[in-house]
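Reviewing the structure listed below.
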Amino acid sequence: DQVFHIVPETFQQVQHLQHLCSTLLLDLWKPQLPEDIWAGEDVHTRVPASLVKEVKDSLDHHMISYKVLIPDVQELVDQSMPKERNSHRQVPEGYVYTQYHPMEEIYQWMTQIQKSNSELVTQHYLGKTVENRTMYYLQISQPSDKTKKIVWMDCGIHAREWISPAFCQWFVKEILQNYKSDPTISRFLQNLDLYVLPVLNIDGYIYSWEKDRLWRKNRSPHMNGTCYGTDLNRNFNSSWGSIGVSYNCSSEIFCGSGPESEPETRAVAQFIESRKSDILCYLTIHSYGQYILTPYGSTTKPPSNSEELMHVAEKAAAALMGKYGTSYKVGSTSLILYNNSGSSRDWAHMIGIPLSYTFELRDKGTHGFLLPSYQIQPTCEETM
Amino acid sequence: DIDGVGRKYYLELVLEDVLDKDSTVNCTAEVLYHLGNNNIAPDVQVTLEGELKNTDEADNIFYHRIKSLEKELVAENIPDSYGNVPPEMEPIRLLAWVASGYVIWQNSTENTKFQLAQIKHVKQVKRSDEYLEFDYMILLHEMVSQEIIPWQMTVLWHPQHGVKVTQ
């Protein structure tokens, strides 16, 4: 498609131009309407590729002078597209960790990460989502004789919290890039295995890219397909359905038809249950708010090891603040945020995992869920 | 707690300039949530202990830029999905933020925590008087219910006369 710059000189030329625009349904950029075309005034119009010759011939025939302002509209469109979505290479060497990625790219990234780091990383099947997509987690494990304890981290349980999956990817990259050179990470991997689930709520995440940026829940249909989505973080079997939930599908905190009613919940719960004696720490990453939350949400009664939980969390918050001065509040959900039941973090603690935390990443509401990509790096760096 | 009236909070706050993090002003506030009736906005009294920065220059630049637009300003999705805001839209966003503060105040209870999530749509409405008028469709995020609430607000602004919101 091209854009023409035309200046009709006479009344007849104006009339011809108006006729051309109306009969060929040309996209008039300036002025807005054919009736506003005047002799001596600029006219800009977009001409579809298939009509370029016809329009040129017609203008020549009527001795109307013109100039091609834009020889290729598509090229200009492509150039002006936010860099966010073009020209991604799928290999981690070229993978841009400071931008948000759609699920397709995250799947490819996982495959690549395992390929390029096969001595340390294995990709494992976890389960399937409502819409039958496969859930994978990455196991980062240094080969050794001793059985190691496990740290589990999941991201993206809530679709709209894009900074969360971005952090999981960043985290994996940081570990893999630095495990040989960084003594802390190296010691860490000598004693612990890391299990990372980059996107828990895959269907919801895709939906937030394609249909509704502020979607939160999964995509399970209810009431004959008239209502969608269970809040996966209200669906776990921890005082399920008791407080801070809705039994109504149309609510953002709908807890589902029963505990673990959702395949995503079951996939995670079954795995963690089967390995619970080896899991030292359960981390689940959310946004926004800047909190490190400890159990419980369903009651203000403190967990048995609350001193230890708070101590570790406070050290983490202090370390985080040391990086860029970002302040995180630390405490139990029911005391510093709100009441909720059925959260994955509460459930993990209830089945015996001693250190169980929810991280709510940046920010405090200025951008909320729409955290700009230039904040991905600082957010991830401080959270490391 | 005040019997028969409601619950009053006494707050000490620090205001921080969004555009200049080092510029802060202390203030105190009293907020009274009325008993029972959730349809009345809480009473708010604020005392500033210091002065707010003078913004006349930036205000006037923005005011004249909009006044001199040939076509009414129209925009949507601020910020966009990736969190980006085109620089020329920054004042539009700040205005929405201020105006949404009023809406949030009018609709707050002790059990709500609202934030402006996104401007879905904004349209300038040309006026014959000196005010600028913008019709906003915004999305508010409520933390406790996690709901996203669309809200229509008409905002009037003038550099000397400030912001007025009609819902």
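The values are calculated or read from the model by the stated rules, or taken from the named source; none is laboratory data. Please read these numbers as outputs of a predicted model, since none were measured by experiment. Cβ sites come from the backbone with ideal geometry, for glycine too, and all protein chains shown count toward neighbours. Protein only, heavy atoms only, side chains kept; ligands, DNA and RNA dropped before computing areas. Shrake-Rupley method; radii C 1.70, N 1.55, O 1.52, S 1.80 Å.
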All other residues with a Cβ under 13 Å from the Cβ of A:Val268 taken together, and with Lys, Arg as +1 and Asp, Glu as -1, what is their net charge? 0
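From the Cα gyration tensor of the range A:2-71, with a ≥ b ≥ c the square roots of its eigenvalues, which class applies: rounded if a/c is under 1.5, or else prolate if a/b is larger than b/c, or else oblate?
Numbers: a/c = 1.39, a/b = 1.23, b/c = 1.13.
In terms of gyration-tensor shape, rounded.
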Quick one: among A:Gln32, A:Gln114, A:Gln190, which has the greatest mean-square fluctuation in a GNM of chain A with alpha-carbon springs under 10 angstrom? A:Gln32
Among A:Gln177, A:Thr226, A:Leu200 - extreme Cα towards positive end, dipole of the range A:123-277, charges at beta-carbon: A:Gln177
Over the range A:2-71, with every protein chain in place, what whole percent of the accessible area is carbon and sulfur at 1.4 Å, could you tell me? 57
Please report the orientation-averaged projected area of the range B:55-165, defined via the convex hull of its C-alpha atoms, in nm². 7.4
Which parts of the range B:68-91, residue by residue, lose 50 Å² or more of accessible area when the rest of the protein chains are there, as against the chain isolated (1.4 Å probe)? B:Ser81, B:Tyr82
At a probe radius of 1.4 Å, what is the per-residue accessible area of B:Lys71, in Å² to the nearest 10? 130
Can you tally the net charge around B:Ser23? Count Lys and Arg as +1, Asp and Glu as -1, for every other residue whose Cβ sits under 12 Å from the Cβ of B:Ser23. -3
With a 1.4 Å probe and every protein chain kept in, tell me what percent of the accessible surface of the range A:164-223 is carbon plus sulfur. 50
For the pair A:Lys67 and B:Trp97, what calculated FRET efficiency results from E = 1/(1 + (r/R0)^6), where r is the Cβ-Cβ distance and R0 = 35 Å, to the nearest 0.05? 0.20
Enter the buried accessible area of the B/A pair, total of both sides, probe 1.4 Å, in Å² rounded to the nearest 100. 2000
Looking at the range A:204-222, which residues lose a minimum of 40 Å² of accessible area between their chain alone and all protein chains in place, measuring with a 1.4 Å probe and not counting ligands or nucleic acids? A:Leu214
If you count the DSSP beta bridges with both ends in chain A, what percent of them are antiparallel, to the nearest 5? 55
GNM flexibility winner over chain A from A:Cys281, A:Cys249, A:Cys21 (Cα, springs under 10 Å): A:Cys21
Compute the separation of the alpha-carbon centres of the range B:11-56 and the range A:277-328 and state it in Å as a whole number. 30
For a test of understanding, tell me how many lysine pairs in the range B:55-165 have Cα atoms under 24 Å apart, given they are 8 or more places apart or on different chains. 12
Is the C-alpha gyration tensor of the range A:71-230 telling us rounded, prolate or oblate? Criteria: a/c under 1.5 is rounded; beyond that, a/b larger than b/c is prolate, otherwise oblate. oblate
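If the only charges are +1 at each Lys and Arg Cβ and -1 at each Asp and Glu Cβ, what is the size of the charge dipole of chain A around the Cα centre, to the nearest 20 debye?
Working: 34 positive and 43 negative charges, 298 e Å.
I would put it at about 1420 debye.
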Could you work out which residue, out of A:His124, A:His101, A:His349, moves most in a Gaussian network model of chain A, that is, has the largest mean-square fluctuation with Cα springs under 10 Å? A:His124
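Which of the DSSP-defined H helices in chain A satisfy a minimum axial length of 24 Å, computed from C-alpha atoms, and a minimum mean Kyte-Doolittle hydropathy of -0.5?
In chain A, the long hydrophobic H runs are A:306-324.
Please calculate how many Å² of accessible area chain B carries per residue, with a 1.4 Å probe and no DNA, RNA or ligand atoms counted.
Details: 9840 Å² over 167 residues.
Value for chain B: 59 Å² per residue.
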Please compute the contact order of chain A in relative form: average sequence separation of alpha-carbon pairs under 8 Å and at least six residues apart, divided by the residue count, as a percent. 15
Roughly how many whole Å is it from the C-alpha centroid of the range A:140-164 to that of the range B:139-157? 35
Round to a whole number: what % of the accessible area of the range B:42-167 belongs to carbon and sulfur, probe 1.4 Å? 52
Return one whole number: the accessible area per residue of the range A:2-71 in Å², for a 1.4 Å probe. 60
Which percent of Cα-Cα pairs in the protein assembly as shown sits in each 10 Å bin, short to long? 3, 14, 22, 22, 17, 12, 6, 3, 0, 0
Interface residues of the range B:143-165, defined as losing at least 20 Å² of accessible area versus the chain alone with a 1.4 Å probe, are B:Met143, B:Val144, B:Ser145, B:Gln146, B:Glu147, B:Ile148
